[in-house]
Each structure stands twice: as C-alpha cells, then as structure tokens.
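K.L.:
Please see the structure below; I have some questions.
Bear in mind that the values in this text are calculations on the coordinates, not laboratory data. Please read all numbers here as calculations on a predicted model, not as lab measurements. Cβ: placed from backbone, ideal geometry, glycine included. Neighbour counts: every protein chain shown.
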Amino acid sequence: MSVDTPAKVIPAARKITTKPRVSDQIFRVIVTAFSFSALVILSLIAAFLFIKGFSTLKEQGFGFITNFQWSVTTDDAGKEITHFGLQAMLIGTVVISFIALFFAIPLSVMTALFLTFYAPERVKKFLITIVDLMAAFPSILYGLWGFFVLMPMAEYWAKLLHKWLGWIYIFDVPQPIYLRSPFIAGLVLTVMIIPIITSVSREVFAQTPLDRVQAAYALGATKWGVIKAVVLPFGANGVVGGSMLGLGRAFGETVAVFSVLNIVFRTNFQILFTQGGNVASMIILKFGEAGPAEISALMASGLVLFLLTLFVNFIANYIVNRTVKSGR
Amino acid sequence: MTTNVKPMRPWAASNRDRALTGTSVLLSILSSVIVVQLTPMKGKLAYFAVFFLSWLVIDSLFTIRKFGRKGIRDALAAKITLLGATIVSMSVASILWATLTKGLKGLNLAFITENMRNASLFDPIGKGGVLHAIIGTLTLILISIFFAVPMGILTALYLTEIKGKASGIIQFLVQAMSGVPSVVAGLFIYAAIILNTPLRPSAFLGGLALTILMVPTVTRTSQEVLNLVPMDLREAGLAMGATQWKTVALVVLPAARSGLITATILGVARIAGETAPLLFTVGVFDGYNFNPFFGGTGTLPTVIWGGLGGGTSESVQRGWSAILILLIVILILFVLARTLGTRQFKKKQA
C-alpha cells in the first residue's frame, strides 16, 4: 500500500522582462517628445528670424554689424536705397549693460554678503522677499519709474559727475543735455539685474563648505576675515556667472530702456549725453512705421540680439552650473 | 533646591553697546546736518553721503575701543554691506511708493468697470476704464497656461523621472531659453505666423509669444519641486506593481501638486507684465473682444505703453493707474506662490 502522492504541479517559470509595458512606452515617448520643445522652439526662432532677415543680411553683408547708418531713401528713379547698420546700437547696448554691471555687481555682492553673514534672521527674510519681489516687477514698471522718478534724480547725479570728472572723455558732454542718456538707462538696468546677481551670489555664498568657515573662525578670524579668506575665493565663480546672467538680461531688455533712452544712430561713448543705442529698443522704435525692407532688417537685428544673448547665457549657465550644485 | 542657571550670552549686545550704537548714529546725524549746512554741498544725496561717512568714522572709533584694531575691518565690512542692502531696499521702496501714490490718483470705479470705447486716453480722468485690458490680459494668461504648463511639466518630468540621455542638453537648453529676450519672442511670432499665414494679431498669438517666455520658468520650478518628492514614494509605487506611468500619475504628481501650482503661478507672474512681445502680436482694441483668434485685444501692458507714449498728463495718469492694477495682480500672485511654496516645504520637513 502506498500513499497517494499528488501529482506535483510545477509552475512554468515566470517570464521576467525588463521591457516596459505598452502604457509606459507611450508615457516615455510623449514625455521625451515634449522635452525637446525647448530645442524645437529655440531652433525655430533662429530659423525664422534668419529666413526673414536673410535679404538684409545678404544685401548689407558684414556691414550690417560694422556700419552705423540706418536709413531708407528713394532715389530719382524710384528705387529704394537702404543702409542698415547695427554698430551704434550694438556698442550702445554694450555700453549701457556695462554701466549696469559696474553698479550692480558691487551692490549685489554687498547685499548678498549682508544677507548671508550680517543680517539678523528677520531682516534676512524680509530682504530676501524684497529681492524676489524686484525680480517679479514687470519691465514696464521699471520704465515708468525710471522715467518719472529716477530720471530727475539721476540728472542731478549726472551733472555732479560732469562737474567733477568732466575732464575725462566719457564724462564730457558736447551740449549740457543730461536727460535720456546711456548713464540713466544703465542705472535703470542696474536695478533690474540686481535681483539676478544677488540671488545667484547668495546661493553660492551659502554653499561655502561649513568646515572651512568654522576652521577660519577657530583660528580666530573675524566675520570679515572669514569672508575674505574663505567665502569670496569660493564664491568668485558664482558671482561671475551671476553677473553674466545679469548681462544677458541687460542685453535683451527692451521696454525699460526704451522709456529712458534717446536712441540715435551714432556711436557715442559719452555716457552722460542724451544719445545712445540699444538693439532691442531700436526694434520697437522702428517697427511701427517699417516697410518690408526695414522689417527684414529688424528681423536680422532680432537674430543678432538672439544669438548674442544666447551666447552670453550659455557661458553664464556653464559657470553657474559648475559652481552651484543644487537647485537652478 | 534648584537653581536656574541663566545662560550667559557674551556675544549679545549689552545696554552699553546699544547706547554706544545710538550715540554714534546720533553724532553722525548731527555731523551730517552741520556739514551740509556749513559747506556748499546740498541735497538729500549730500545728507546721505555725509551721514554714512561720519557713521563709519565714529563707529570705527568705538569699535577700536572695544575690539582693538582687528575689529575695525569687520565693523567696516558690516556697515558697507548694510549700505548695499539699504540702497537696494530703497529702490524697491521708491518703486512701490511711486506706483501707489501716482496710481491711486487716477483710480476710480469707472476705471475698473468700463472700457475705452467711448473715451480717449486724453479725456479727463473719470471717463472710461481698463476693464477690457484686464479681460485681455486674463485671456492671454489663460492661453499661455494652456500651452506652457503641460510643456513645462512634461519637460520637468523628463528631467526628473525618465532622466534620459539628453537630460544634460535639455537642462542646458531650458536655461538658455529663459534668457531669450522678450522682444525676440514677439519678433519670432511675427516672423513665423503673421508674415506667413493669414492670421493677424490677436490674443491667441500674444499668448503664443508669452508661452515661449513662460515655459522655462514653469520647467525649472516644477523640476525643483519634483526633485523634492521623496524617492521612497516612487519606490513604494513601483514595488506595489504599478507601472512607471501609474506611479507618476497617481503618486508623484499628486505629492507635488501644490508645488506645481506654485510653478504655474510663478510662470504667470513672469509673463503678466511683459510688454515688448505684445507690441508685435496682439494689436490694439479699445473695447471688449471675446474672440481670442480674431481681432486686436487691449491688454494692461499695452494700455500702459500707450499711456506712456501719449505724453499728456491724463494719458500718463492712466498708465500709472493701470500699472497699479497690474502690480496688485502680480503681488497677489507672488504672495500666493510664497504661501503655497512654504507649505510644501514644511510638509517635507515634518
């Protein structure tokens, strides 16, 4: 007599696969497709501005960058003669942006240091809110404020500068007209880029390795000693990167600069005089009454501006990403 | 018997220190008044500069007495950084104050309940309003949300959930995209759509231009929020047998919900006041236009722009009042984003 042994049922080996389900595949394809939207949009911008600006670029050649004349005239035969050159505007843009950086970098670094090291907790929170708020103000608000509030004050500062430093070429003026100058436009841009540089600097300063900071304190350093020996060397790259982000913003700023700058197609380095250039503002200045030839020139200007800011931003982000590890 | 040991706080300011600080500030104010009165220097700038310089000197003298020579530099650094922070706060205060005082003058019931159909920019204040522009701006914002939020969140999902090979490049491109000048966004829509298709300036095209500016903000903030969602949650979802799609849809996104709303709000705050792209893309209209695909639309930024360009005191006044409304909207969004953002953060800490 034997015991009944039930037939052993050996289940078939479960198939193990790393292949994602169909739903996952669809999900991945959709998400990946959308993630390329940034690439698509950026290339579309470059492509369309190039196509529409091509006739100008072809006609003016390299002179589009190096000439400073901007005129559309009709000769006796009724043929249009066009001169489009961006030199004055490009140099003007750079001049204004550097004025802005000149004031904004020290102010931002000072604010960031104060925030990180000297401010009491409550003041710190308040100041961070203020800086974030500055970044949220629309540029047209800066334009209005710059024109009606800052300009009267800045005119007085410009006169002071001219009085004491007028013997230096850039502070000299051919005629005593100080309103709507690159100097004032630079001041407005200063206020606009301060939040960018401040927040990047603050992030970098806050990431200074704590052991190094404490080591410096243990050696008897004062706060300033710590800042000078540890924080600033560590954060220098971040400040540079943040400043370049600010520079990118300053290059592309349109409405605020337009409100406070007298745009003239002549290369001018006398920053207190009411004559300046700015590519972005020039575009909206000329757009209103532009004919087809001029529209094409404006598209080409837009392309130049786009490539310029893209280039500055690439470098800035490269530096910032290398320095700031978290966030961003 | 218990004794309560009172903690010693040798670094805290004693009454003597406070008195010294007060004295140095008072002395500096005094000296600034004296100097400005006695010398030909005049004006607020002179007061400010003299006060600050004499404060530096007087307070340094006190510092030498207490901390010796080494303390001076620290004291100077503290004051100079404070100067930077003060200048920054003063500019913000000046902007807010100017907007409030100048904007309130032109604000009345008609200004927010009527349109400009039967009034011109140059009419006396009290006639006509900007309701059409408020509606126009809201329309634009809705259109941009419709395009930018899915695009931004999906890109963020690619960067945080799929982490594909192209992550690095896409991250870089998104950052580059946030640097695209707003005027270029407008020119692009003009070049690509208005010059090539029968579509004319309308709210829809304006919304498209703003989308370009909004996507990077939404992407970045959503990415930060999604990175905050604990890995445990994802692993738990997958361990229960859910597919990645289900985990993301039912676990990750709900966990990050308030953060994603914050991202949207920050994006809206970024574009609500953009002016330059709208000059190319929305056209002009003084009345209500409820068709986003056809005909011009009035928006707050373009109304402000027109007011500033008008040049008369009435038109500029309308500009200031309109910007006050715009600023209030942005401030509300800002506060909303902050409160939602901090709530998310607290939840994470607990």
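K.L.:
Largest first, please: the extent of the C-alpha atoms of region A:185-328 along each principal axis, to the nearest Å.
P.N.:
69, 31, 20
K.L.:
Have a look at B:I162, B:I80, B:I135 and tell me which one the Gaussian network model of chain B (Cα, springs below 10 Å) gives the largest fluctuation.
P.N.:
Its mean-square fluctuation being the largest, the pick is B:I80.
K.L.:
Two decimals is fine: what's Rg over Rh for chain B, C-alpha atoms, Kirkwood radius as Rh?
P.N.:
In chain B, Rg relative to Rh is 1.11.
K.L.:
Hey, what do the phi angles of region B:135-150 turn into as Karplus ³J(HN,Hα) couplings, whole Hz, using 6.51/-1.76/1.60 and θ = phi - 60°, x for Gly and Pro?
P.N.:
Computed from phi, the couplings for region B:135-150 are 4, x, 4, 4, 4, 4, 4, 4, 4, 5, 4, 4, 8, 6, 5, x Hz.
K.L.:
Can you pull the Kirkwood radius for region B:69-189, inverse mean 1/r over Cα pairs, to one decimal in Å?
P.N.:
Values: mean 1/r = 0.0494 Å⁻¹.
About 20.2 Å for region B:69-189.
K.L.:
Residues of B:149-155, mean number of Cβ from any other protein chain within 10 Å of their own Cβ, rounded to a whole number?
P.N.:
Whole-number average of other-chain Cβ neighbours for B:149-155 is 4.
K.L.:
What is the calculated FRET efficiency for B:K42 to A:F269, with r their C-beta to C-beta distance and R₀ = 30 Å, to the nearest 0.05?
P.N.:
Using R0 = 30 Å, I get an efficiency of 0.50.
K.L.:
Now, a different point. Which value in deg cm²/dmol, rounded to the nearest 500, describes the helix-derived mean residue ellipticity at 222 nm for chain B, given -39,500 (n - 2.57) per DSSP H run of n ≥ 4 and division by the residue count?
P.N.:
On the way: 14 runs with 246 residues, N = 350.
So the helix-based figure for chain B works out to -23500 deg cm²/dmol.
K.L.:
Next question, about the same structure. Highest mean first, what order results for A:114-124, A:47-57 on Cβ atoms within 10 Å?
P.N.:
Going from most to least packed, we get A:47-57, A:114-124.
K.L.:
Quick one: Karplus J couplings for region A:295-311, per residue in order, coefficients 6.51, -1.76, 1.60, θ = phi - 60°, nearest Hz, x for Gly and Pro?
P.N.:
Values per residue, Gly and Pro as x: 4, 4, 5, 5, 4, 5, 4, x, 4, 4, 4, 4, 5, 4, 5, 4, 4 Hz.
K.L.:
Now for a separate question. For A:A290, enumerate residues with amide H under 5 Å from its amide H, sequence gap 5+ or separate chain, H modeled in the peptide plane.
P.N.:
Under 5 Å from the amide H of A:A290 lies no amide H from a residue far enough along the sequence or on another chain.
K.L.:
While we're here: Give the shape of the protein assembly as shown as rounded, prolate or oblate, defined through the alpha-carbon gyration tensor: a ≥ b ≥ c are the square roots of its eigenvalues, a/c under 1.5 means rounded, and otherwise the shape is prolate if a/b is larger than b/c and oblate if not.
P.N.:
In terms of gyration-tensor shape, oblate.
K.L.:
Oh, and also: Could you tell me the center-to-center distance, by alpha carbons, between region A:97-122 and region A:269-328 in angstrom?
P.N.:
Computed from Cα coordinates, the inter-centre distance equals 25 Å.
K.L.:
Now for a separate question. Compute the relative contact order of region B:16-105 as a whole-number percentage, counting only Cα pairs closer than 8 Å that sit 6 or more residues apart in sequence. Walk me through the numbers on the way to the answer.
P.N.:
On the way: 37 pairs, mean separation 20.5, N = 90.
Relative contact order of region B:16-105: 23 percent.
K.L.:
May I ask which of A:K228/B:K70; A:K124/B:K79; B:K42/B:K105 have a Cα-Cα span longer than 21 Å here?
P.N.:
Going by Cα-Cα distance, B:K42/B:K105 fall outside the 21 Å limit.
K.L.:
Other chains near B:91-100: what is the mean number of their Cβ atoms within 10 Å of each residue's Cβ?
P.N.:
Mean shielding count: 6.
K.L.:
Also, quick follow-up: Let me have the relative contact order for region A:87-323, percent, based on Cα pairs under 8 Å that are six or more residues apart.
P.N.:
Values: 342 pairs, mean separation 75.9, N = 237.
Once divided by the residue count of region A:87-323, the mean separation gives 32 percent.
K.L.:
Could you give me the ³J(HN,Hα) list for region B:265-276, computed from phi with Karplus coefficients 6.51, -1.76, 1.60 and θ = phi - 60°, whole Hz, x at Gly and Pro?
P.N.:
Listing the rounded values in order: 4, 4, x, 5, 4, 5, 9, 4, x, 5, 10, 3 Hz.
K.L.:
Using only alpha carbon pairs under 8 Å that are at least six residues apart, calculate the relative contact order of region A:143-258 and give it in whole percent. Walk me through the numbers before you get to the answer.
P.N.:
Values: 77 pairs, mean separation 39.9, N = 116.
Value for region A:143-258: 34 percent.
K.L.:
Also, quick follow-up: With the cut-off at 1.5 for a/c, could you classify chain A from its C-alpha gyration tensor as rounded, prolate or oblate?
P.N.:
Oblate is the answer for chain A, as a/c is 1.5 or above yet b/c matches or exceeds a/b.
K.L.:
Kindly identify region B:1-96 as rounded, prolate or oblate by the Cα gyration tensor criterion: order the square roots of the eigenvalues as a ≥ b ≥ c, call it rounded if a/c is under 1.5, otherwise compare a/b with b/c, prolate if a/b is larger, else oblate.
P.N.:
Numbers: a/c = 2.47, a/b = 1.83, b/c = 1.35.
Here region B:1-96 falls in the prolate category.
K.L.:
I've got another one for you. Would you mind telling me which residue in B:V316, B:V335, B:V303 has the biggest mean-square fluctuation in a Gaussian network model of chain B, where springs connect alpha carbons within a distance under 10 angstrom?
P.N.:
In this elastic network of chain B, the residue with the biggest mean-square fluctuation among B:V316, B:V335, B:V303 is B:V335.
K.L.:
For chain B, modelled as a GNM with alpha-carbon contacts under 10 angstrom, which of B:P301, B:P198, B:P216 fluctuates the most?
P.N.:
Greatest mean-square fluctuation among the candidates belongs to B:P198.
K.L.:
Can you give me the Cα centroid spacing of region B:243-311 and region A:194-217 in angstrom?
P.N.:
35
K.L.:
Hey, another quick one. R0 = 45 Å: FRET efficiency of B:L76 with A:W167, Cβ-based, nearest 0.05?
P.N.:
That gives a FRET efficiency of 0.90.
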